[in-house]
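Below: one structure, written as structure tokens.
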Amino acid sequence: MDGKIYILVVEDELEVMEALVKDLEKFEAFFPVETANNANEAQQVIEHIIDHRNKVGLVLCDHVLPGKNGVDLLIDMQSRPETSDSKKVLVTGQAGHEDTILAINKADLDHYIAKPWSQQELEEVVVRELTDFVIAHEKNLLPYMQILNADRLSDVIRKNKMTDH
Amino acid sequence: MKALPKQTISIFIGVIGFVIPFFLNIPGLSEAGHVALSIFFIAAIFWMLEPVPIYATSILVILLQVFFLSKQGVLFPEATANYSPNPYTDFIGTLSNPIIILFLGGFVLADAAVKYDLDKNLTRLLLKPFGDKPKFIILGLMVVTGLLSAFMSNTATTAMMMTVILPIIAKTDIDDPLRIGLALSIPFAANIGGIATPIGTPPNAVVIGALSTQGIDIAFTEWMVLAGPLVIITLVASWFILLWMFKPKSDFIPMDMKGTFQKNSSAILVYVVFGVTVLLWVTETFHGVGSSIIALIPVAVLSLTGILDKDGIRQLPWEVLWLVAGGISLGISMESTGLAEWIITSIEWSAFSTIFMIIAFSLVAIVMSNFLSNTVSATLLIPLAVSLATSGVAGEGFSLILISLVIGVSASLAMMLPISTPPNAIAMSTGTLKTKHMTRAGFAIGVFGLLMVTLYALFYWPLILN
């Protein structure tokens, strides 16, 4: 593996954050989860992750945050080469029409989860997005077989002409 | 002080290994033999510790041989009393050894089959008659996996079959041992199935390549007649072992593989080329056209029709061809410099019976390839076997082909650990089983394989070869 792949959760309400992190528990062993309460803190966390040659695989981001809002954070991430490929998901109940359009057009938003979410929905989204991410970015897919979509990963391995030695 | 990374230490050990023979004077070993020993050391150390990829080591081997052991190299421009240097074309020529071309044909075919989902659709078709009882589903999976891996890479076959069994595993109770049996049946069948044809897996290529440098050509069909029965019996035994160790609780497996054969003209052409090539390969005894010559047909037809395009050619697994070529090349020098013979004659072989030597070589090959690449294990052992047979120290009746087969087959029978083969690693990565399950079942198959190889080498192979 070339560095760790992080899941970043940006959410200002403590209870919601706790609920999200709890629902992400099963991924923690493969994708360390980092949290931030606002956009500024998120930027620092991203900085830290990149400095250690790791990657942000997925960001789950609330829209209404103190200070800069979630969509602006995602747009910033999109404009940075290190995080432009990170999978971007809005987890919110309050992003208006225009902000959502902005997120899709300018931040290449990958998914929109409306609050309240169900754990199953969240897990499906995380699995799908991270599977896309590792297929695009990782050479060795085997470590992810047991947590992500093994079916799709096997098919990529098959088509990648993996050989015997 | 900061500890040195493992990679640096491995390279250091390899280089030391390379340098040492230059400062030694080993009695009975020619000057060129010392150089060959240097190259053997660095190759063996690099292949075992893997500070660089194993194919890179193979390329290094060819480079060192051209520079230090060839007629055009720096050390032996003239023939000496003990060594008439090979022209450098002998070493680089291994890249176009017939077995390499045969593999190229196999790669191109497998590539086209995967591109048009022929492998998946064949699997769907062939699995149908096996019904929905777990016992027979596992047998069916093993038969199909074995069959496909005889013509495609074991690893690609395993990856494809994973897409078949993972949905089944997902629907099976978490405490049903069937899950483990299923997950193990695929890599095991792939490892075993690879033995069945010359193109099944690279160790076969190493064996056939080494024999061809001795002037012995093994026909495609001849290999299949020699190895096929062993493959079948080992597959069936593995089936029993898996059922016995991981007795399924459920008595019904829902099989609903979806898909249809692609019917566009390119796909149909691929089916035809695949069918015709395989047919020509397995009928070599009747028409007498060598399998490497036939291998050119798919390469030509598929590139002429654009099915194998520029990107497709670039993406072929060339590193496997380099790996095998390097192995064959190393064998040439170990022979011609007298190194292999020197290693062999330092042991008093006449004290051992043929059966002992068969078991010894088989056991060493199985143990080595549990930890190392199967190809590397075969590569390191074959030159010794060749010398043992050609130098005559092993006595009458010690057949070169026979002992080469023992090594080639045994190298594919190692499947105790996740690192033993790439198919094992794939099965392990699904998280459905623990290493101890693989080790237990792999050990049983290894022991059975060792026994079978010994019996075949004593009774069946001599019957076919003479």
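The values are calculated or read from the model by the stated rules, or taken from the named source; none is laboratory data. Nothing here was measured: the structure is a model prediction, and the numbers come from that model. With ideal geometry, Cβ positions are generated from the backbone for all residues, glycine too; neighbour counts draw on all protein chains shown.
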Could you tell me how many of the residues in segment A:115-144 are within 14 Å of chain B (Cβ to nearest Cβ) and either of a type in the set (Lys, Arg) or under 11 Å from residue B:159 (Cα atoms) (or both)? 2
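Kindly evaluate residue B:162 against the criterion of being closer than 24 Å to residue B:244 by Cβ, in contact (Cβ under 8 Å) with a residue 24 or more places away in the chain and either of a type in the set (Gly, Ala, Ser) or within 14 Å of chain A (Cβ to nearest Cβ) (or both).
Yes.
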Could you check segment B:49-80 and list, in sequence order, the residues that are in contact (Cβ under 8 Å) with a residue 24 or more places away in the chain, more than 18 Å from residue B:19 (Cα to Cα), surrounded by fewer than 21 Cβ atoms within 10 Å (Cβ to Cβ) and of a type in the set (A, V, I, L, M)? B:52, B:59
Go over the candidates B:174, B:186, B:168 one by one and state the one that is of a type in the set (Val, Ile, Thr) and modelled with pLDDT of 90 or more. B:186
Taking the options B:360, B:340, name whichever one is buried (at least 22 other Cβ atoms within 10 Å of the Cβ) and of a type outside the set (D, E, K, R). B:340
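For a quick check of your reading: which helices (runs of 4 or more DSSP H) sit entirely within segment B:31-123 and have at least 3 residues that are closer than 30 Å to residue B:145 by Cβ?
Counting at least 3 such residues, we get B:54-68, B:98-115.
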Scan (1) more than 27 Å from residue B:215 (Cβ to Cβ); (2) more than 13 Å from chain A (Cβ to nearest Cβ) for the single condition residue B:92 breaks and write down its number. (1)
For segment B:363-386, which positions are within 14 Å of chain A (Cβ to nearest Cβ) and surrounded by fewer than 17 Cβ atoms within 10 Å (Cβ to Cβ)? B:371
Given the structure, is residue B:195 part of a loop (DSSP other than H, G, I, E, B), surrounded by 24 or more Cβ atoms within 10 Å (Cβ to Cβ) and at negative phi? yes
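Rundown of residues vs (1) among the aliphatic types (A, V, I, L, M); (2) part of a helix (DSSP H, G or I); (3) farther than 22 Å from residue A:19 by Cβ, yes/no style:
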position	(1), (2), (3)
A:64	yes, no, no
A:67	no, no, yes
A:95	yes, no, no
A:124	no, yes, no
A:129	no, yes, no
A:140	no, no, yes
Within segment B:156-182, how many residues turn out to be hydrophobic (A, V, I, L, M, F, W, C), crowded, with 24+ Cβ neighbours inside 10 Å and under 17 Å from residue B:416 (Cα atoms)? 1
Note on segment B:438-451: residues out of contact with any Ser or Thr (no Cβ under 6 Å at 6 or more places or on another chain), in contact (Cβ under 8 Å) with a residue 12 or more places away in the chain and among the hydrophobic types (A, V, I, L, M, F, W, C) are B:438, B:441, B:443, B:444, B:448
Among the helices (runs of 4 or more DSSP H) confined wholly to segment B:397-466, which include 2 or more residues that are aliphatic (A, V, I, L, M) and under 20 Å from the mean Cα position of the chain (by Cα)? B:400-411, B:422-429, B:435-455
Of residues in segment A:107-152 being within 26 Å of residue B:313 (Cβ to Cβ) and modelled with pLDDT under 90, the one surrounded by the most Cβ atoms within 10 Å (Cβ to Cβ): A:141
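So if I check each of B:331, B:408, which one is within 14 Å of another protein chain (Cβ to nearest Cβ) and in contact (Cβ under 8 Å) with a residue 24 or more places away in the chain? Spell out how you get there, then give the answer.
Numbers: B:331 fails: within 14 Å of another protein chain (Cβ to nearest Cβ).
Exactly one residue qualifies, and that residue is B:408.
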For residue A:103, the lone unmet condition from (1) closer than 30 Å to residue B:114 by Cα; (2) aliphatic (A, V, I, L, M); (3) in a helix (DSSP H, G or I) is (1)
Of the residues that sit in segment B:314-325 and are within 12 Å of chain A (Cβ to nearest Cβ) and assigned to a helix (DSSP H, G or I), which one is surrounded by the fewest Cβ atoms within 10 Å (Cβ to Cβ)? B:314
